[in-house]
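*Asks:* Shown below is the structure under consideration.
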Amino acid sequence: MFTIKKVPSLVSNYQEEIDSEESNDRYGGSGGCGRNCVGRCCLPGSKLPLYAFKSCADQSLENGTIFSSDKIPPLSLLNNLLMAHWENRMNRGLFHYDVTTCETKVIEGRYGFIAQINEGRHIKKRPTEFRVDQVLQPFDENKFNFTKVVQEEVLFRFEESKDNKSDFFPSILVDADSGSPSVVAINVSPIEYGHVLLLPRVLDCLPQRIDHDSFLLALHFAKEAADPFFRLGYNSLGAFATINHLHFQAYYLSVPFPVQKAPTQRIITGRGVTVSQLLDYPVRGLVFEHGNTMSDQCDVVSSACIFLQNNNIPFNVLIADCGKKVFLFPQCYAHKQAVGVVSQELLDTQVNPAVWEISGHMVLKRRKDFNNASEDYACRLLAEVSVSQERFEEIKFLVLEAAGLREEVRLVGSNHEEDLCEPTSPQVKSHLPQDCLVSSAVKY
């Protein structure tokens, strides 16, 4: 058993300048509602830091690596900034609880599920305010949404660069005429160190639904972080998203998620994107890897997600390996809850299996569940999440058709040994400090 270690403050080259300006012009705002929020009443005319990322959506990919002539790639810049600014907010007491005190352990067994006891998240987390049987629902400004958070919770804007290089600007005016900014904000009820929210075009008040542009932004965010232990997650409505305002979540955890270690079997490769299905894992899912370009990867995955949400099929997405691998899980746990077929034992744990739980990171709410956590429990929970084999085959066929790959599909049941794939360990070095998060002495 181990505890998340508190990471020594990392002061970026820009943070001292940010801190010195905050009281003067970053949070000065322009009047507005008086709360200095992220809504249209306050954000335009305010100043926020800006991370401008280099666009590479149409550059070629080989082995998942984007070619660049830069001698010192700017990828670690985002990592350093995110950790430094996140820790700044922690030191200022903006979180509902101290996530660094949460205990975590790897559960014995062949999957290596990770269990965390997080009683604070259970008490403080915002309850769901909408129907769970509809994946697509209109945005409701009367319910909680991210325009109501204060600007102190925003770390920086995340926008495409205008000069084709990545850079950071400590204080840039939010121009009312320049369109709705995309921002990165803290999750005030964090699961792990560095838990943030990516909010695409926050002022446009988009409901929780994926489109091509928002998913491409998420892939850019994963790529710029350049750390395989920083993953992004997405939950649709009906798959335990709790806020109907478009957002992705992300955090650091310096051990592999169990789903990343699961073997896969290739279904098809099209447009450079290899589509596989998970084998020997409690939740059935699809895996999308690489792509001729980032835009190709985005087109295929976002088309699959759009099909699911348009057909009222709840789903979860995990973006891993710096954006080079995406897991897609259609799920049905909320439906099974509604019709009363989930066992009372599982219901009593009050665990809502969203993207992190499905990926193998079990966030538990009760001490006794943490103490008694077992691989059998995790497998029984995830088995209730997964759609049936018959339903999965149907969804798989339709998803590939929606992604424009139907004509090339080879059935997985053809037993081609060359299509079986064992996962490989991430090759990108983590930017996390050596003593961050998980003790290297933990055994599997």
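*Asks:* What dipole magnitude, in Debye to the nearest 20, does segment 262-330 give about its Cα centre under +1 on Lys/Arg Cβ and -1 on Asp/Glu Cβ? Kindly include the intermediate steps, with their values, before the conclusion.
*Replies:* On the way: 5 positive and 5 negative charges, 13 e Å.
About 60 debye.
*Asks:* For D211, what accessible area in Å² do you get when you roll a 1.4 Å probe over the heavy atoms of the protein chains, rounding to the nearest 10?
*Replies:* Roughly 50 Å² of D211 is accessible to a 1.4 Å probe.
*Asks:* Okay, next question. Explain nothing, just compute: Karplus ³J(HN,Hα) = 6.51 cos²θ - 1.76 cosθ + 1.60, θ = phi - 60°, for every residue of segment 366-378 in order, whole Hz, x for Gly and Pro.
*Replies:* Each residue of segment 366-378 in turn: 10, 4, 5, 5, 5, 4, 9, 4, 9, 5, 4, 4, 4 Hz.
*Asks:* Just check segment 271-319 against the gyration tensor rule for me: Cα atoms, a ≥ b ≥ c as the square roots of the eigenvalues, rounded for a/c under 1.5, and otherwise prolate or oblate depending on whether a/b exceeds b/c.
*Replies:* Working: a/c = 2.55, a/b = 1.18, b/c = 2.17.
Here segment 271-319 falls in the oblate category.
*Asks:* In addition: In nm, what is the difference between 0.36 nm times the number of residues separating D211 and R131 and their Cα-Cα distance?
*Replies:* Details: separation 80, 0.36 × 80 = 28.80 nm, distance 2.12 nm.
Taking 0.36 nm per residue and subtracting the Cα distance, the gain is 26.7 nm.
*Asks:* Would you check the accessible area of R209, probe 1.4 Å, heavy atoms only, in square angstrom rounded to 10?
*Replies:* 100
*Asks:* Of all the accessible heavy-atom surface of segment 79-233, with the other protein chains kept in place and a 1.4 Å probe, what percent is carbon and sulfur?
*Replies:* 47
*Asks:* Can you list residues whose amide H is under 5 Å from G291's amide H, if they're 5+ apart or on another chain and H is modeled 1.01 Å from N?
*Replies:* The answer is T274.
*Asks:* Shifting gears a bit: Taking every Cα atom in segment 279-391, find the radius of gyration and the maximum pairwise distance Dmax, and write them in Å.
*Replies:* Answer for segment 279-391, Rg first and Dmax second: 15.5, 48 Å.
*Asks:* Quick one: dipole size for segment 164-240, taken about the Cα centre, charges +1 on Lys/Arg Cβ and -1 on Asp/Glu Cβ, in debye to the nearest 20. Could you put the intermediate results ahead of the total?
*Replies:* On the way: 5 positive and 9 negative charges, 43 e Å.
Approximately 200 debye in magnitude.
*Asks:* Taking the alpha carbon gyration tensor of segment 154-200, what are the square roots of 5 times its eigenvalues, largest first, to the nearest whole Å? Can you show the working numbers first?
*Replies:* On the way: eigenvalues 106, 34, 18 Å².
Rounded to whole Å, the semi-axes are 23, 13, 9.
*Asks:* My understanding is that a pair violates if its Cα-Cα distance is over 25 Å; which of K54/K324; K261/K368; K47/K325; K105/K324; K324/K396 do that in this structure? Provide the component values of the computation, followed by the final result.
*Replies:* Details: K54/K324 17 Å; K261/K368 28 Å; K47/K325 35 Å; K105/K324 27 Å; K324/K396 20 Å.
The pairs that break the limit, which is 25 Å between Cα atoms, are K261/K368; K47/K325; K105/K324.
*Asks:* May I ask you to work out the translational diffusion coefficient for segment 220-302 at 20 °C, viscosity 1.002 mPa s, via Stokes-Einstein with Rh from the Kirkwood sum over Cα pairs, reported in whole µm²/s? The partial results should precede the final answer.
*Replies:* Details: Rh = 14.6 Å.
Estimated via Stokes-Einstein, D reaches 147 µm²/s.
*Asks:* Considering the options G194, N235, S214, tell which one lies farthest towards the positive end of the dipole of segment 94-237, charges being +1 on Lys and Arg and -1 on Asp and Glu at the Cβ, about the Cα centre.
*Replies:* N235
*Asks:* Would you give the gap between the C-alpha center of segment 280-299 and the C-alpha center of segment 173-241, rounded to a whole Å?
*Replies:* 19
*Asks:* With each pseudo-label sitting 7 Å past Cα toward Cβ, what's the E160-C379 distance in nm, one decimal?
*Replies:* Here the answer is 4.6 nm between the modelled labels.
*Asks:* Using per-residue counts of other Cβ atoms within 10 Å, averaged over each peptide, order 155-168, 37-50, 220-233 from highest down.
*Replies:* Ranking, from highest mean packing down: 220-233, 37-50, 155-168.
*Asks:* Continuing with this model, one more query. When a/c reaches 1.5 or more, the comparison of a/b and b/c decides; with that in mind, is segment 167-290 rounded, prolate or oblate per its Cα gyration tensor? Walk me through the numbers on the way to the answer.
*Replies:* Values: a/c = 1.81, a/b = 1.68, b/c = 1.08.
Because a/c hits 1.5 or more and a/b exceeds b/c, segment 167-290 counts as prolate.
The values are calculated or read from the model by the stated rules, or taken from the named source; none is laboratory data. Model, not experiment: these values are computed from the prediction. So basically every Cβ, Gly included, is an ideal-geometry build from the backbone, and we count neighbours across all protein chains shown. Areas reflect the complete protein model, heavy atoms only, side chains present, ligands, DNA and RNA absent. Shrake-Rupley method; radii C 1.70, N 1.55, O 1.52, S 1.80 Å.
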